[in-house]
Amino acid sequence: MSIRRIVAVALFFLAPPLLIAQSTAAPNTDEVIHKIETCLPPAVVVKGEPACTPLLTRMQQLHIQGVSIAVVHHGVIEWARGYGVAAISGPPVTPDTLFQAGSISKPVASMAALHLVQNGKLSLDADVNTKLTSWKVPASDAAPGAVVTLRELMTHTAGMTVHGFPGYAAGAPVPTLVQVLDGEKPANTPAVRIETPPGAKWNYSGGGITIMQQLMIDVSHEPFPKLLHDTVLAPIGMTHSTYEQPLPATLQSTAATPYDGHDKPIPGGAHTYPEMAAAGLWTTPSDLGRYIIENQQSLQGKANHVLSQMMTKEMMTSGKGSWGLGVQIGGSPSNPYFTHGGSDEGFEALFVGYENNGDGAAIMTNAQGGSRICSEIMSAIAVAYNWPDFRPVERTMIQLPPEALTRFSGTYTATQPAGFAVTITVENGQLMGQPTHGSKAPLFPESPTRFFLRQAPIEIEFVPNDKGEITSLIVHQGGPDITATKNP
C-alpha cells in the first residue's frame, strides 16, 4: 500500500476511554511533548478560528484506537510514547506495541536490496531477468523489447502494474509470491506486468517492489524475513521488527489489533501479506526511528552498518516523482528529508527523517483513516521542533454572497494528468468541489476568485476571460500546478 501526492486523493478525504503509556523523558522534553499532545493543528488554519485540538480528543473524533510516536532529535530517539489502546478493552499502547507498517516496508526492504548491490550480488542497472530464476518479467506489447532494471523498480519508473495489495484475511488461502506476480489464484490482485515503457514516467507500483522481493530471494537463496533480519533489522538494532507473515504466535500478544475506522476490529485480525517487501513489515515507531538515524549517520559516514556513505547518498538522490531508491525525497536542496507512509488493512503510518540535522519522527496507528492523524501529529512535531516543512498553512477567509458563486459551477478537465477533472457545484450557499475518483469537499473563499480546502494545503484559483466569464481553474498543491479548462 502507499502514500502519494495525487491531487484526487489529497483534495478530499466514539472510542472507549483512552489510556496513555509513556517512556521516560528528560524534563526539558516534557514541555515539548505537552505542546504536541495538547495542540494538533489542522492542515489548514483559518485565521481567527481555533488552531488546534488535543491529541486524545482528535483520536476520539477520528475513531483511532491507538497511536504510537517516536521523535528523533539531534540524531537520537528523544522520546517515544503510546496513546490509547492496542485493542478495545485491551492493554494500552506502549512504545513496544507492534503495528503493521504497510508501504513503509518498502524503504526498509530497499536498504537490503542496496546491500546486495553493494556486495556485488545485484546491479542497479542490469536487466533483472538475468538474475531472476524463480520467475521472469514477461515480454509486453506495451513496450516491445523492454528491459527492466532494479533502479527502475525501486524508483517506481519501471512501468509496472499493481499499485498496492489488500492482503489476505485470516483463514483465507495465501498465494505464493510467484502466484502473486502472475495474478493466479488464490492471488487477489492482477498479474504484475509492464504497462508503459520502463523509465518513461513515474507510477507508484507495489507490484514492482514485489518483483524486487523475488529478485532478492533468488540471489540470496534465503527466506525473505531471514534476509531482512540479517542484513538490516539486526545490524541497525530494530529488535522489535520482523517481516514474518503472518506474525508468529509468540509475538501476537505484543501486537495492536487493526480497526476499520468505525470502532470495529478487522474480522480475523491482521491480514497476511506474502508481498513482504511491499507491505509485510511489523515494527514500532522507535525501530523506524533507528532506521531514520542509520540513514542520517550513513550519509555523514559516521555509522554504516548496512550501506556505505556513497550508496546511502545514491539512495537519497531524487529523480522522477521526487523519488529516490525506495524513499520519497522532499524539502529544500539545502535541507532535504526522506519519507514514506503506509497503509495495511486497519493500520496506517508515516515517517519523516531530515538528512542533515538529525531530526525526524515516526507515527503508527491501528485504524483505517489513521493517516490523517499521522499528518496532524507530524505537523505538531514540526511546529514544536521548528522544522521548515509539514507546518500548517494559514489562510484568511472572506465572505462572498451565494449569488457570486454560481459563475464557478461546471466541470473542468485537465490535459495533464490525463483523465483528471473537477466538478464545481453550489449547494446551500456553499461552493463544493469533487475531483475525478475523489470525494466532494467544501471550498472556502480567500479572494473573489481564489478558494482553499481545509483538509489539505490546496488552493483552487478560477481564471476569468476579458468578459469576466470563468474559463478555467488552476489547482495549486505545493507541487506542479494543474490547469483545467471549463467544459462548454
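Of the conditions (1) small (Gly, Ala, Ser); (2) open to solvent by 10 Å² or more (accessible area, probe 1.4 Å); (3) assigned to a helix (DSSP H, G or I), residue 208 clears all except one; give me its number.
Among (1) small (Gly, Ala, Ser); (2) open to solvent by 10 Å² or more (accessible area, probe 1.4 Å); (3) assigned to a helix (DSSP H, G or I), the lone unmet condition for residue 208 is (2).
Would you confirm, using the coordinates I've provided, whether residue 264 is under 21 Å from residue 163 (Cα atoms), modelled with pLDDT of 95 or more and charged (D, E, K, R)? Lay out the reasoning, then the answer.
Values: under 21 Å from residue 163 (Cα atoms): no; modelled with pLDDT of 95 or more: yes; charged (D, E, K, R): yes.
Here the answer is no, as residue 264 does not meet what is asked.
With the requirement that a residue be open to solvent by less than 40 Å² (accessible area, probe 1.4 Å) and farther than 19 Å from residue 379 by Cβ, what does region 477-488 give you? Let's see the steps before the verdict.
So in region 477-488, the residues open to solvent by less than 40 Å² (accessible area, probe 1.4 Å) come out as 479, 482, 484.
Correct list: 482, 484.
Scan 328, 309, 300 and give me the residue that is touching a Gly at 6+ places or on another chain (Cβ under 7 Å), more than 19 Å from residue 239 (Cα to Cα) and modelled with pLDDT of 95 or more.
Values: 328 fails: touching a Gly at 6+ places or on another chain (Cβ under 7 Å); 300 fails: touching a Gly at 6+ places or on another chain (Cβ under 7 Å).
Only one candidate passes the filter, namely 309.
For residue 334, all conditions in the list (1) open to solvent by less than 40 Å² (accessible area, probe 1.4 Å); (2) out of contact with any Pro (no Cβ under 6 Å at 6 or more places or on another chain) hold save one; what is the number of the exception?
(1)
Within region 367-386, is there a residue that is assigned to a loop (DSSP other than H, G, I, E, B), open to solvent by less than 10 Å² (accessible area, probe 1.4 Å) and not basic (Lys, Arg)? Write out each step before concluding.
In the first step, residues of region 367-386 are kept if they are assigned to a loop (DSSP other than H, G, I, E, B); the result is 368-369, 385-386.
After this cut, where a residue has to be open to solvent by less than 10 Å² (accessible area, probe 1.4 Å) as well, the list is none.
No, there is no match, as no residue in region 367-386 is assigned to a loop (DSSP other than H, G, I, E, B), open to solvent by less than 10 Å² (accessible area, probe 1.4 Å) and not basic (Lys, Arg).
Looking only at region 157-205, how many residues end up being in a loop (DSSP other than H, G, I, E, B), in contact with a Pro (Cβ under 8 Å, 6 or more places away or on another chain) and more than 19 Å from residue 142 (Cβ to Cβ)?
Qualifying residue count, region 157-205: 12.
Among the residues of region 222-246, which ones are open to solvent by less than 80 Å² (accessible area, probe 1.4 Å), in a loop (DSSP other than H, G, I, E, B) and touching a Ser or Thr at 6+ places or on another chain (Cβ under 9 Å)?
The answer is 238, 240, 241, 243, 245.
Just one of the numbered conditions (1) open to solvent by 20 Å² or more (accessible area, probe 1.4 Å); (2) more than 25 Å from residue 101 (Cβ to Cβ); (3) not polar (S, T, N, Q) is not true of residue 137; which one?
That leaves (1) as the condition not met.
Listed here are the residues, each with its yes/no results for (1) out of contact with any strand residue (DSSP E or B) (no Cβ under 7 Å at 6 or more places or on another chain); (2) closer than 23 Å to residue 67 by Cβ; (3) aromatic (Phe, Trp, Tyr); (4) open to solvent by 40 Å² or more (accessible area, probe 1.4 Å).
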site: 257; (1), (2), (3), (4): no, yes, no, yes
site: 286; (1), (2), (3), (4): no, yes, no, no
site: 305; (1), (2), (3), (4): yes, no, no, yes
site: 346; (1), (2), (3), (4): no, yes, no, no
site: 355; (1), (2), (3), (4): no, no, no, no
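Let me spell it out: the conditions are (1) surrounded by fewer than 23 Cβ atoms within 10 Å (Cβ to Cβ); (2) within 21 Å of the chain's Cα centre (by Cα), and residue 263 meets all of them except one. Which number is the exception?
(2)
Going by the structure shown, is residue 317 more than 19 Å from residue 210 (Cβ to Cβ), open to solvent by 30 Å² or more (accessible area, probe 1.4 Å) and modelled with pLDDT of 95 or more?
Details: more than 19 Å from residue 210 (Cβ to Cβ): yes; open to solvent by 30 Å² or more (accessible area, probe 1.4 Å): yes; modelled with pLDDT of 95 or more: yes.
Judged against the criteria, residue 317 is a match.
Pairs needed: first member in region 361-389, under 21 Å from residue 87 (Cβ atoms) and modelled with pLDDT of 95 or more; second member anywhere, among the aliphatic types (A, V, I, L, M) and assigned to a loop (DSSP other than H, G, I, E, B); C-beta distance under 6 Å; at least 6 residues apart or different chains.
Final answer for the pair search is 365/64; 366/256; 367/64; 370/64; 373/64.
Residues 462, 452, 408: which one is crowded, with 17+ Cβ neighbours inside 10 Å, closer than 20 Å to residue 478 by Cβ, more than 24 Å from the chain's Cα centre (by Cα) and at pLDDT 95 or above? Show your work before the answer.
Numbers: 452 fails: more than 24 Å from the chain's Cα centre (by Cα); 408 fails: closer than 20 Å to residue 478 by Cβ.
Being crowded, with 17+ Cβ neighbours inside 10 Å, closer than 20 Å to residue 478 by Cβ, more than 24 Å from the chain's Cα centre (by Cα) and at pLDDT 95 or above holds for just one of 462, 452, 408, which is 462.
Quick one: count up the residues across region 48-66 that are more than 15 Å from residue 391 (Cβ to Cβ) and outside any helix (DSSP H, G or I).
Step one: filter region 48-66 for residues more than 15 Å from residue 391 (Cβ to Cβ), giving 48-50, 53-66.
This time we only want the ones that are outside any helix (DSSP H, G or I), so: 48-50, 53-54, 63-66.
The total comes to 9.
Looking at 348, 355, 394, can you tell me which residue is modelled with pLDDT under 95 and acidic (Asp, Glu)? Full working, then the answer.
On the way: 348 fails: modelled with pLDDT under 95; 355 fails: modelled with pLDDT under 95.
None of the others qualify; the one that does is 394.
I'm checking my understanding of the structure. Among residues of region 146-171 that are modelled with pLDDT of 95 or more and surrounded by fewer than 18 Cβ atoms within 10 Å (Cβ to Cβ), which one is nearest to the chain's Cα centre (by Cα)?
By that ranking, first place goes to 163.
The values are calculated or read from the model by the stated rules, or taken from the named source; none is laboratory data. Fair warning: this is a prediction, and the values are worked out from it, not measured in the lab. Cβ coordinates were reconstructed from backbone atoms using ideal geometry, including for glycine residues, and neighbour counts include every protein chain displayed. What goes into the accessible areas is simple: the full protein's heavy atoms, side chains included, and nothing from ligands, DNA or RNA. Shrake-Rupley method; radii C 1.70, N 1.55, O 1.52, S 1.80 Å.
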